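This report refers to the structure that appears directly beneath it.
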């Protein structure tokens, strides 16, 4: 379990940070770490440790899949693109037609997170569809 | 009257004799119960004794513990035999194997993820995402968590980090 040793600081930190459903498994020379982080900063912290152990994530011997536990109470999300508008699409995927746009920094309504990567949202103008979750930040 | 006395004497001496050379079942049970309380391995076990035969019930962590408990009871005074009814629960199932996404949905999700990183090219084959091109460090720190959440087998990062 050399890999488990290599990433021990990471898995220890994950346990200490209260990652729930933490699973650490080695398979075919790759370490898989899964779990759910209580906060986005806990997740970021693990990624920083990963980057310290394996600079630029270049070794390809770890798959770190830590989700952030989003409270069901979240109903508003802010558009956190670099600067551009965020496309709202008919379905979950960039191959889906665009049905609307949300401006950078705009706060819109979160309808559903049933798809992890594509959240269903609704703008104040009533445009409803799927937006890429990475560009949406829950408003607490 | 005399006969009754004789019979009683016989009965008493027989009982005394029985007790002195052979402990009663209740006494054997009491000493085994005491051992169960004092021995961590035997915690939670129960015992019944009948005619010097001790029947052990309960659960043990493993087969070695089960055998050890029976051996300890067998060596105790007055125990003629041990019926070992201790059960050993099956070991917990091994952790579920890692689920790797199928290439088609994975390739689609990867395409979505790298859409905003025009300098990055991704290839998906047998669950392995191979990244080529170049990327800024900040962008890499956003892209990698996303890619690794897609349940790939591996992310082979051959990007030049600027």
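The values are calculated or read from the model by the stated rules, or taken from the named source; none is laboratory data. Model, not experiment: these values are computed from the prediction. Glycine also receives a Cβ, built like all others from the backbone with ideal geometry; neighbour counts cover every protein chain displayed.
The listed residues are B:58, B:52, and the only one of them that is within 18 Å of the chain's Cα centre (by Cα), surrounded by 14 or more Cβ atoms within 10 Å (Cβ to Cβ) and modelled with pLDDT of 90 or more turns out to be B:58.
Among strands (runs of 3 or more DSSP E) entirely within the stretch A:75-115, having at least 3 residues that are closer than 21 Å to residue B:143 by Cβ and within 14 Å of chain B (Cβ to nearest Cβ) singles out A:86-89. When the stretch B:124-149 is filtered for residues that are surrounded by 15 or more Cβ atoms within 10 Å (Cβ to Cβ), in a loop (DSSP other than H, G, I, E, B) and more than 8 Å from chain A (Cβ to nearest Cβ), only B:127 remains. For the stretch B:73-88, check the following and say yes or no: at least one residue is without any contact (Cβ under 8 Å) to a residue 40 or more places away in the chain, in a helix (DSSP H, G or I) and within 30 Å of residue B:41 (Cα to Cα). Yes, some residue in the stretch B:73-88 is without any contact (Cβ under 8 Å) to a residue 40 or more places away in the chain, in a helix (DSSP H, G or I) and within 30 Å of residue B:41 (Cα to Cα).
One residue stands out in the stretch B:93-121 among those that are outside any loop (DSSP other than H, G, I, E, B) and within 19 Å of residue A:135 (Cβ to Cβ): the one that is farthest from the other protein chains (Cβ to nearest Cβ), namely B:120. Within the stretch A:47-89, the set of residues being within 13 Å of the chain's Cα centre (by Cα) and either without any contact (Cβ under 8 Å) to a residue 40 or more places away in the chain or buried (at least 19 other Cβ atoms within 10 Å of the Cβ) (or both) comprises A:47, A:64, A:65, A:66, A:68. Residues in the stretch A:19-46 that are assigned to a loop (DSSP other than H, G, I, E, B) and in contact with a strand residue (DSSP E or B) (Cβ under 8 Å, 6 or more places away or on another chain) were compared, and the one that is surrounded by the fewest Cβ atoms within 10 Å (Cβ to Cβ) is A:39.
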